[in-house]
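Presented below is the structure to which this report refers.
The values are calculated or read from the model by the stated rules, or taken from the named source; none is laboratory data. Values in this document were obtained by computation on a predicted structure and should not be read as measured data. FYI the Cβ positions are ideal-geometry reconstructions off the backbone, even for glycines, and counts take in every protein chain you see. Protein only, heavy atoms only, side chains kept; ligands, DNA and RNA dropped before computing areas. Shrake-Rupley method; radii C 1.70, N 1.55, O 1.52, S 1.80 Å.
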Amino acid sequence: MEGLHHRFAVILAADCAEYCRQVEENAEQAVAALKKCKAEFDRCVIAHQGRAFGCVGDSLMAEFPSPIEALRAARDFQASSHSKQSTEASASTLQFRTGLHE
(Lines give C-alpha, C1' and ligand atoms only; values in the text may rest on other atoms or scores of the structure.)
Protein backbone atom coordinates (compact mmCIF):
# COMPACT_ATOMS: atom_id res chain seq x y z
CA MET A 1 0.00 0.00 0.00
CA GLU A 2 1.43 3.28 -1.08
CA GLY A 3 1.30 6.15 1.35
CA LEU A 4 0.77 3.92 4.37
CA HIS A 5 3.33 4.70 7.04
CA HIS A 6 3.74 2.93 10.34
CA ARG A 7 5.04 4.63 13.42
CA PHE A 8 6.30 2.84 16.51
CA ALA A 9 5.01 4.40 19.72
CA VAL A 10 5.29 3.53 23.36
CA ILE A 11 2.85 5.05 25.85
CA LEU A 12 3.91 5.87 29.39
CA ALA A 13 1.03 6.26 31.83
CA ALA A 14 1.37 7.47 35.40
CA ASP A 15 -1.52 7.44 37.86
CA CYS A 16 -1.50 8.92 41.35
CA ALA A 17 -2.26 6.45 44.13
CA GLU A 18 -4.95 7.56 46.64
CA TYR A 19 -5.32 11.01 45.10
CA CYS A 20 -9.03 11.21 45.93
CA ARG A 21 -8.30 10.61 49.60
CA GLN A 22 -5.70 13.38 49.59
CA VAL A 23 -8.14 15.76 47.87
CA GLU A 24 -10.73 15.00 50.55
CA GLU A 25 -8.19 15.73 53.28
CA ASN A 26 -6.80 18.94 51.77
CA ALA A 27 -7.81 19.81 48.21
CA GLU A 28 -5.55 22.85 47.80
CA GLN A 29 -2.49 20.98 48.98
CA ALA A 30 -3.24 17.95 46.80
CA VAL A 31 -3.78 20.05 43.66
CA ALA A 32 -0.57 22.01 44.29
CA ALA A 33 1.37 18.76 44.75
CA LEU A 34 -0.10 17.33 41.53
CA LYS A 35 0.96 20.43 39.59
CA LYS A 36 4.54 19.99 40.85
CA CYS A 37 4.48 16.31 39.90
CA LYS A 38 3.14 17.11 36.43
CA ALA A 39 5.98 19.61 35.89
CA GLU A 40 8.50 16.94 36.93
CA PHE A 41 6.81 14.35 34.70
CA ASP A 42 6.98 16.75 31.74
CA ARG A 43 10.67 17.42 32.46
CA CYS A 44 11.48 13.69 32.50
CA VAL A 45 9.47 13.09 29.32
CA ILE A 46 11.22 15.87 27.40
CA ALA A 47 14.64 14.76 28.66
CA HIS A 48 14.03 11.37 27.03
CA GLN A 49 12.66 12.56 23.67
CA GLY A 50 9.03 11.99 24.60
CA ARG A 51 5.88 14.04 24.20
CA ALA A 52 3.43 14.51 27.05
CA PHE A 53 -0.06 14.48 25.58
CA GLY A 54 -2.53 13.97 28.34
CA CYS A 55 -3.41 14.88 31.88
CA VAL A 56 -6.84 13.77 33.00
CA GLY A 57 -7.50 14.12 36.68
CA ASP A 58 -4.54 12.53 38.43
CA SER A 59 -3.33 10.58 35.36
CA LEU A 60 -0.42 11.65 33.17
CA MET A 61 0.42 10.27 29.72
CA ALA A 62 3.29 10.56 27.28
CA GLU A 63 4.36 9.05 23.97
CA PHE A 64 7.86 7.90 23.06
CA PRO A 65 9.39 6.58 19.83
CA SER A 66 11.61 4.23 21.86
CA PRO A 67 10.73 1.78 24.63
CA ILE A 68 14.17 2.32 26.17
CA GLU A 69 13.63 6.07 26.47
CA ALA A 70 10.12 5.54 27.83
CA LEU A 71 11.51 3.24 30.51
CA ARG A 72 14.25 5.72 31.36
CA ALA A 73 11.71 8.53 31.69
CA ALA A 74 9.54 6.37 33.97
CA ARG A 75 12.58 5.46 36.07
CA ASP A 76 13.66 9.09 36.39
CA PHE A 77 10.14 10.24 37.28
CA GLN A 78 9.80 7.55 39.96
CA ALA A 79 13.27 8.32 41.33
CA SER A 80 12.54 12.03 41.55
CA SER A 81 9.20 11.31 43.24
CA HIS A 82 10.86 9.05 45.81
CA SER A 83 13.66 11.53 46.53
CA LYS A 84 11.09 14.29 47.13
CA GLN A 85 9.19 12.02 49.52
CA SER A 86 12.29 11.51 51.63
CA THR A 87 13.07 15.25 51.77
CA GLU A 88 9.51 16.54 52.25
CA ALA A 89 7.73 15.42 55.39
CA SER A 90 4.40 16.54 53.99
CA ALA A 91 0.99 14.99 53.61
CA SER A 92 0.97 16.37 50.06
CA THR A 93 3.55 13.88 48.82
CA LEU A 94 2.03 11.88 45.98
CA GLN A 95 2.94 8.38 44.87
CA PHE A 96 2.56 7.37 41.23
CA ARG A 97 2.06 4.00 39.60
CA THR A 98 3.60 3.90 36.14
CA GLY A 99 3.12 1.56 33.22
CA LEU A 100 4.28 1.21 29.63
CA HIS A 101 2.30 0.02 26.64
CA GLU A 102 3.67 -0.67 23.16
For the range 1-44, listing trypsin sites (Lys or Arg not before Pro) in a DSSP loop whose Cβ sees at most 16 other Cβ atoms within 10 Å gives ARG7
Helix 27-47: inclination vs the chain longest Cα principal axis, degrees, rounded to 10, gives 30 degrees
Sorted by accessible surface (1.4 Å probe, heavy atoms of the protein chains only), largest first, GLU63, GLU18, GLU24 come out as GLU24, GLU18, GLU63
Measuring from its Cα centre, the chain shows a charge dipole (+1 at each Lys and Arg Cβ, -1 at each Asp and Glu Cβ) which, in debye to the nearest 20, is 240 debye
Share (percent) of C-alpha pair distances in the chain greater than 17 Å works out to 51 percent
Here, ALA79 and LYS36, labelled 7 Å along Cα→Cβ, have an inter-label distance in nm of 2.0 nm
Sorting CYS44, VAL23, HIS5 by the position of each Cα along the dipole of the range 1-59 (Lys, Arg +1; Asp, Glu -1; all at Cβ), the one nearest the positive end of that ordering is HIS5
